[in-house]
Amino acid sequence: MKKTILIFTLLFTGLKLLHSQNKVIDQVVAIVGSHMIMQSDIENQYLQYTMQGYNKTDSNFKCNLLEQTLYEKLLLNQAEIDSLTVTETQIESDLDRRVKYFSKQMGGDEQLEKYYNKSISQIKEDFRDIIKNQLLQQAMEAKITEKIKVTPSEVKKFFNTLPKDSVPTVSSQVEVGEIVIGPRINEVEKSKAKEKLAGIRDRIIKGEDFATLAVLYSEDEGTASKGGELGFTERGELDAAFAAAAFKLKVNEISPVVQSQFGYHIIQLIERRGEKINVRHILIRPKVATEDLLAAKLKLDTVYSLIKADSITFEKAAFKYSNDPSRTNGGLMINPESGASKFEPDQLDQSVFFVVDKLKVGEFSKPVPMKTDDGKQAYRILYLKSRTDPHRANMKEDYDFIQQAALKQKQSKATQEWVKKQAAVTYIHIADEYNDCKFNYHWFN
C-alpha cells in the first residue's frame, strides 16, 4: 500500500511537471514488444523522485528507473498477449480511491483542482490510461503468482534461516471487533424515493435528457458527474437485480424503477457488446427517518448494556445482533491488505482509530455513528480485542506476518524466473546510451 501511494504521489507530481516544463525530451530509449519507453519517461521519473526529497546520487539510478519501466512494459505486453482485461468499473474505482486520497492530503477537491488548474474529472482523465495499464500489470503479476503457496514447514524454514539481525520489526498492531446495527427503512420513505424516481422517469420519457437529470438528482457520487454512466460492465459485476433489469433493455430504452441493495434506480442502456453493457442510471436512496435511526441506536444501547453486564460475550452478541458480515467471525474486522484480523493503526479508518485508540485491551465503546460501505447510516460498538507493541517478529505472535513474508519471497523468485524467460522470447531493444547499465536482468537480446 505504501509503495502504491508513493507511485501515485510521483504520478501526481509528474502531472504537474509535465504541464510546467517548457521542453520535454522526446526520444525512444527502449521498446518492449509493441510498447515504447521515452527518454522523457525516465527523466520525469528522476525529477519526480528528486522533488520528493530522495537523494539519488547513484550513477546507476536512471538505469534502475529504466529497468523498472522495462519490467512494467514486459508485464503489460504479456497481459495483452494473454488477453487479460480490466473493466471500466475497476478503473473508475481505482481512480476514485486515489483521487480521494490526494484530495484529502490537499484539503479537499477545491484545493486539488486549484493546484492542477483542472477539474477532478479532467485530472482523472489524465490518469485513466495510466491506471488501466497499472491494473493490467497487476493482473499479470497476479497470474504469474496465482498458484504460489507456502506450507507451514516452509514458513518455519523461512523464519529459521533469517539472520538474527534481519528478523523484521513488527509495528504496533490491533485487532478490532464491531457490532453494527442499521435502521430499517420504513415504507413511507421507500414510497417517497420510488415516487421521486418515477417523476424523474416521466420527465425523461417526455423528452428531458437522462444524463442531465442524473447530474442533478442521482445519489451515486461515483457516476452522477458523468451523467450516471457506469462504463462497460459484465453481469457479475453488478447487483443481481440491477443486472437483471439492465440486460433486458434495448438501446436507449429506460427501465421501470428497479430496487437494488443500494436503493432505487432507473436505467438506460447506451450500448451492448456481447456480454458487456454500458448503461447510465439514476439512484435515489430512501431517507432514514429520524425515529428509525433512533430505534437502531436504542437497540444497540441494549446490546451494549448486556455485554457490559457480562450477560453475553461480545462474540455471541455480534453473531446474534450485528448486521455486518463480520458477525460470522466474532465481529472481527478483516484487513483487506493482508486477509488477517490484525491492522497497523494507520490502516484503520480514522473514525475507527480515534475510538479504539482510547480503549484498553478488552474494552468496548458505547454505540457510535457510522456509514456503511454503501453509504447508509448506522451505529456500531467497537471492541479492542488485542494490541501489540512494536517488537521483533516471532512465530508465536506473528505467524500471519511471517507467512506473508515467506509467500512474498517465494512469489518474488517465481516472478524473477518469469522475467528471465519472457525477456528471452520478447522483442526488446534498448538505446546504445544505456549499454553500460548494470541491470539485474539480461534485457539485451
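Of all residues in segment 315-329, none satisfies the criterion of being surrounded by fewer than 19 Cβ atoms within 10 Å (Cβ to Cβ), touching a helix residue (DSSP H, G or I) at 6+ places or on another chain (Cβ under 6 Å) and within 15 Å of residue 362 (Cβ to Cβ). Residue 300 meets each of the listed conditions (1) buried (at least 20 other Cβ atoms within 10 Å of the Cβ); (2) touching a Leu at 6+ places or on another chain (Cβ under 8 Å); (3) over 30 Å from residue 87 (Cβ atoms) apart from (2). Pairs meeting the criteria (first residue in segment 299-315 and within 14 Å of residue 383 (Cα to Cα), second residue assigned to a helix (DSSP H, G or I) and β-branched (Val, Ile, Thr), beta carbons under 7 Å, at least 6 apart or on different chains) are 314/307.
Only one entry of 207, 231 meets the criterion of being assigned to a strand (DSSP E or B), at positive phi, not basic (Lys, Arg) and not assigned by TED's automatic domain parsing to the domain that holds residue 368, and that entry is 231.
Filtered by the rule that a residue be β-branched (Val, Ile, Thr) and in a helix (DSSP H, G or I), segment 354-373 gives 355, 356. Selection over segment 92-132 of residues that are at negative phi and not in a helix (DSSP H, G or I) gives a count of 2.
Note on segment 331-352: residues that are closer than 11 Å to residue 383 by Cα and touching a helix residue (DSSP H, G or I) at 6+ places or on another chain (Cβ under 8 Å) amount to 3. Do we have any residue at all in segment 415-426 that's assigned by TED's automatic domain parsing to the domain that holds residue 33 and touching a Gly at 6+ places or on another chain (Cβ under 6 Å)? Checked against the condition, which is being assigned by TED's automatic domain parsing to the domain that holds residue 33 and touching a Gly at 6+ places or on another chain (Cβ under 6 Å), segment 415-426 yields at least one hit. Looking across 351, 386, one residue alone is more than 30 Å from residue 143 (Cα to Cα) and assigned to a helix (DSSP H, G or I). It is 351. The residue pairs whose first member lies in segment 341-355 and is at negative phi and touching a residue at least 60 places away in the same chain (Cβ under 8 Å), whose second member is acidic (Asp, Glu) and not in a helix (DSSP H, G or I), and whose beta carbons are closer than 6 Å, counting only pairs six or more residues apart or on different chains, are 341/175; 342/175.
Is it the case that residue 94 is buried (at least 17 other Cβ atoms within 10 Å of the Cβ) and under 23 Å from residue 276 (Cβ atoms)? It is true that residue 94 is buried (at least 17 other Cβ atoms within 10 Å of the Cβ) and under 23 Å from residue 276 (Cβ atoms). Selection within segment 242-269: residues that are touching a helix residue (DSSP H, G or I) at 6+ places or on another chain (Cβ under 8 Å) and among the β-branched types (Val, Ile, Thr). The member of this set that is surrounded by the most Cβ atoms within 10 Å (Cβ to Cβ) is 267. Say we look at segment 325-348 and pick out the residues that are assigned to a loop (DSSP other than H, G, I, E, B) and small (Gly, Ala, Ser); which of these is modelled with the lowest pLDDT? Of everything passing the filter in segment 325-348, 338 is modelled with the lowest pLDDT. For segment 386-401, the count of residues that are surrounded by 17 or more Cβ atoms within 10 Å (Cβ to Cβ) and touching a Gly at 6+ places or on another chain (Cβ under 6 Å) is zero. Please verify whether residue 340 is in the same structural domain as residue 176 (by TED's automatic domain parsing) and under 27 Å from residue 184 (Cα atoms), treating the condition exactly as stated. Here the answer is no, as residue 340 does not meet what is asked.
Considering segment 102-132, and only residues there that are of a type in the set (Ser, Thr, Tyr) and free of Cβ contacts under 8 Å to residues at least 40 places away in the same chain, the residue that is surrounded by the most Cβ atoms within 10 Å (Cβ to Cβ) turns out to be 103. So which pairs qualify, if the first residue must be in segment 71-98 and in contact (Cβ under 8 Å) with a residue 60 or more places away in the chain, the second must be in a loop (DSSP other than H, G, I, E, B) and not hydrophobic (A, V, I, L, M, F, W, C), the Cβ gap must be under 6 Å, and the two must be at least 6 apart or on different chains? Listed by first residue and then by second, the contacts come to 77/33; 96/222. Just one of (1) under 30 Å from residue 368 (Cβ atoms); (2) surrounded by 14 or more Cβ atoms within 10 Å (Cβ to Cβ); (3) touching a residue at least 40 places away in the same chain (Cβ under 8 Å) fails for residue 239. It is (3).
Matching residues to (1) modelled with pLDDT under 90; (2) hydrophobic (A, V, I, L, M, F, W, C):
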residue: 238; (1), (2): yes, yes
residue: 247; (1), (2): no, yes
residue: 264; (1), (2): no, no
residue: 269; (1), (2): no, yes
residue: 277; (1), (2): no, yes
residue: 281; (1), (2): no, no
residue: 285; (1), (2): no, no
residue: 294; (1), (2): no, yes
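Rundown of residues vs (1) under 30 Å from residue 288 (Cα atoms); (2) in a helix (DSSP H, G or I); (3) assigned by TED's automatic domain parsing to the domain that holds residue 79; (4) modelled with pLDDT of 95 or more, yes/no style:
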{"position": "134", "(1), (2), (3), (4)": "no, yes, yes, no"}
{"position": "143", "(1), (2), (3), (4)": "no, yes, yes, yes"}
{"position": "153", "(1), (2), (3), (4)": "no, yes, no, yes"}
{"position": "165", "(1), (2), (3), (4)": "no, yes, no, no"}
{"position": "176", "(1), (2), (3), (4)": "yes, no, no, yes"}
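Listed residues 272, 285; which is within 15 Å of residue 228 (Cα to Cα) and surrounded by 12 or more Cβ atoms within 10 Å (Cβ to Cβ)? It is 285.
Residues satisfying the criterion are present in segment 252-267 (criterion: among the charged types (D, E, K, R) and more than 27 Å from the chain's Cα centre (by Cα)).
The values are calculated or read from the model by the stated rules, or taken from the named source; none is laboratory data. Source: prediction; values computed, not measured. Because the Cβ atoms are built from the backbone with ideal geometry, glycine has one as well, and the counts that use them run over all protein chains shown.
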